[in-house]
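Asker: Can you keep this structure in mind? I'll have questions shortly.
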Amino acid sequence: MDAWLRALQARADEAPSRPREALRATTDDVVIGSIEPGLAQRMVEAGLPIAVAAGGWRIDASPLNVGLARMADWLRAQGLASAWRNELLSVTDARGSEVGMIERAAVRPLGIATHAVHLVGWAEQGGMWVQQRAFDKATDPGQWDTLMGGLMAAGETVATTLARETWEEAGLRVAELREVSARDRLTVRRPVSNGYMVEHIHVHETIVPTRLTPVNQDGEVARFERLSLGELRERLQAGAFTLEAALILADALTGRP
């Protein structure tokens, strides 16, 4: 288990598979992401508001959101964005302060950090509730995940994302759950098919009362299962879970028989 966990942790802090340079927002000292130099040069040639800056590239647009929207639209037209969601996510600086917003589909090509909330769901009758991701998901289709995991939309707090995603993904109201509490925050950095993923994950856990059964509401979950802890460990070590979920659940299982 220790060797397996070390391998997971190494995958969660992996350098980009191809060289990337810092992407800055208007001023040279506010880094908001990273970009492959070749992609940045293509954007320059396409007339987008991006220019060479010290140690990387700078978005030359005021307001910033206008420039980000133009870049996102171009990425979509070039087939370089993920599935378009018409969903804005916050663009943050190194301290986590919001400096702009961008369409969710464009964050990975631009190496923009996302913020997510996950919920570990212990079953009152024993074991843990987990979900299988829908098979048409852009990332990790068909793999297993925590009871709930979703990205924070622009303007949301951790609490509002927790409530919204718990309902949308699992059909559960936070007020009906027992002992909801925050765990440590986890950051994952790794290459993905359309760019580079930097994700700050706010982990919560709860006890799902026996009278409640998770039921998906938004079409993004194939099914739910309640696993014994032995079954959960077996499925984790078999690689059935997403990297993020595996790290979260391995930590949750620490110290449990």
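Asker: Quick test for you: out of ALA83, ALA25, ALA72, pick the one residue that is within 27 Å of THR161 (Cα to Cα) and modelled with pLDDT of 95 or more.
Answerer: Every option except ALA72 fails the conditions.
Asker: Hey, another quick one. Considering ALA123, ALA154, which residue is more than 23 Å from ARG226 (Cα to Cα), surrounded by fewer than 22 Cβ atoms within 10 Å (Cβ to Cβ) and not aromatic (Phe, Trp, Tyr)?
Answerer: Matching residue, one of ALA123, ALA154: ALA154.
Asker: Do we have any residue at all in the range 85-93 that's free of Cβ contacts under 8 Å to residues at least 24 places away in the same chain, hydroxyl-bearing (Ser, Thr, Tyr) and either in a loop (DSSP other than H, G, I, E, B) or not assigned by TED's automatic domain parsing to the domain that holds ASP145 (or both)?
Answerer: no
Asker: State the number of residues belonging to the range 137-150 that are assigned to a loop (DSSP other than H, G, I, E, B), buried (at least 19 other Cβ atoms within 10 Å of the Cβ) and in contact with an Asp or Glu (Cβ under 7 Å, 6 or more places away or on another chain).
Answerer: Residues in the range 137-150 being assigned to a loop (DSSP other than H, G, I, E, B), buried (at least 19 other Cβ atoms within 10 Å of the Cβ) and in contact with an Asp or Glu (Cβ under 7 Å, 6 or more places away or on another chain): 0 in total.
Asker: I'm checking my understanding of the structure. Among residues of the range 94-136 that are of a type in the set (Lys, Arg) and in a loop (DSSP other than H, G, I, E, B), which one is farthest from the chain's Cα centre (by Cα)?
Answerer: ARG95
Asker: Given the criteria crowded, with 16+ Cβ neighbours inside 10 Å, over 14 Å from PHE224 (Cβ atoms) and without any contact (Cβ under 8 Å) to a residue 24 or more places away in the chain, does ARG190 qualify?
Answerer: No.
Asker: Okay, next question. Hey, can you tell me all the residues within the range 225-235 that are in contact with a Leu (Cβ under 8 Å, 6 or more places away or on another chain) and surrounded by fewer than 22 Cβ atoms within 10 Å (Cβ to Cβ)?
Answerer: LEU229, ARG233, ARG235
Asker: Could you go through the range 1-22 and let me know if any residue there is basic (Lys, Arg) and in contact with a Gly (Cβ under 7 Å, 6 or more places away or on another chain). Steps first, please.
Answerer: Going residue by residue through the range 1-22, those that are basic (Lys, Arg) are 6, 11, 18, 20.
If we keep only those that are in contact with a Gly (Cβ under 7 Å, 6 or more places away or on another chain) too, we end up with 20.
Yes: the range 1-22 contains one or more residues that are basic (Lys, Arg) and in contact with a Gly (Cβ under 7 Å, 6 or more places away or on another chain).
Asker: Which of the residues spanning the range 94-112 are surrounded by fewer than 20 Cβ atoms within 10 Å (Cβ to Cβ), out of contact with any Asp or Glu (no Cβ under 7 Å at 6 or more places or on another chain) and touching a residue at least 40 places away in the same chain (Cβ under 8 Å)?
Answerer: Step one: filter the range 94-112 for residues surrounded by fewer than 20 Cβ atoms within 10 Å (Cβ to Cβ), giving 94-99, 101.
Narrowing further to those that are out of contact with any Asp or Glu (no Cβ under 7 Å at 6 or more places or on another chain): 94-98, 101.
The answer is ALA94, GLY96, GLU98, MET101.
Asker: For the range 155-196, give me the residue count where each residue is of a type in the set (D, E, K, R) and touching a strand residue (DSSP E or B) at 6+ places or on another chain (Cβ under 6 Å).
Answerer: If we filter the range 155-196 for residues that are of a type in the set (D, E, K, R), which is where we start, we get 156, 164-165, 168-169, 173, 176, 178-179, 183-185, 189-190.
This time we only want the ones that are touching a strand residue (DSSP E or B) at 6+ places or on another chain (Cβ under 6 Å), so: 165, 169, 178-179, 183, 185, 189-190.
Qualifying residue count for the region: 8.
Asker: Taking the conditions exactly as written (over 22 Å from the mean Cα position of the chain (by Cα) and under 23 Å from GLU156 (Cβ atoms)), does PRO49 satisfy them or not?
Answerer: no
Asker: So how many residues does the range 41-73 have that are farther than 18 Å from GLU103 by Cα and among the hydrophobic types (A, V, I, L, M, F, W, C)?
Answerer: Number satisfying all stated conditions: 7.
Asker: Would you check which residues across the range 12-38 are of a type in the set (A, V, I, L, M) and not in a strand (DSSP E or B) and list them?
Answerer: First, pick out the residues of the range 12-38 that are of a type in the set (A, V, I, L, M): 12, 15, 22-23, 25, 30-32, 35.
Once the filter is applied, which keeps residues that are of a type in the set (A, V, I, L, M) and not in a strand (DSSP E or B), the range 12-38 yields ALA12, ALA15, VAL30.
Asker: State all residues of the range 54-70 that are within 28 Å of ARG185 (Cβ to Cβ) and not in a loop (DSSP other than H, G, I, E, B); if no residue qualifies, say none. Show your work before the answer.
Answerer: Going residue by residue through the range 54-70, those that are within 28 Å of ARG185 (Cβ to Cβ) are 55-56, 59, 64-65, 68.
GLY56, ILE59, LEU64, ASN65, LEU68, listed by residue number.
Asker: Output the strands (runs of 3 or more DSSP E) that fall wholly within the range 151-257 and possess 2 or more residues being modelled with pLDDT of 95 or more and among the acidic types (Asp, Glu), or say none.
Answerer: 195-208
Per-residue answers, yes or no, for (1) outside the structural domain of GLU98 (by TED's automatic domain parsing); (2) outside any loop (DSSP other than H, G, I, E, B):
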{"position": "ALA7", "(1), (2)": "yes, yes"}
{"position": "ALA40", "(1), (2)": "no, yes"}
{"position": "MET43", "(1), (2)": "no, yes"}
{"position": "GLY47", "(1), (2)": "no, no"}
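The values are calculated or read from the model by the stated rules, or taken from the named source; none is laboratory data. Everything quoted here is computed from the prediction, not taken from an experiment. Positions of Cβ are backbone-derived with ideal geometry, glycine not excepted, and every protein chain shown enters the neighbour counts.
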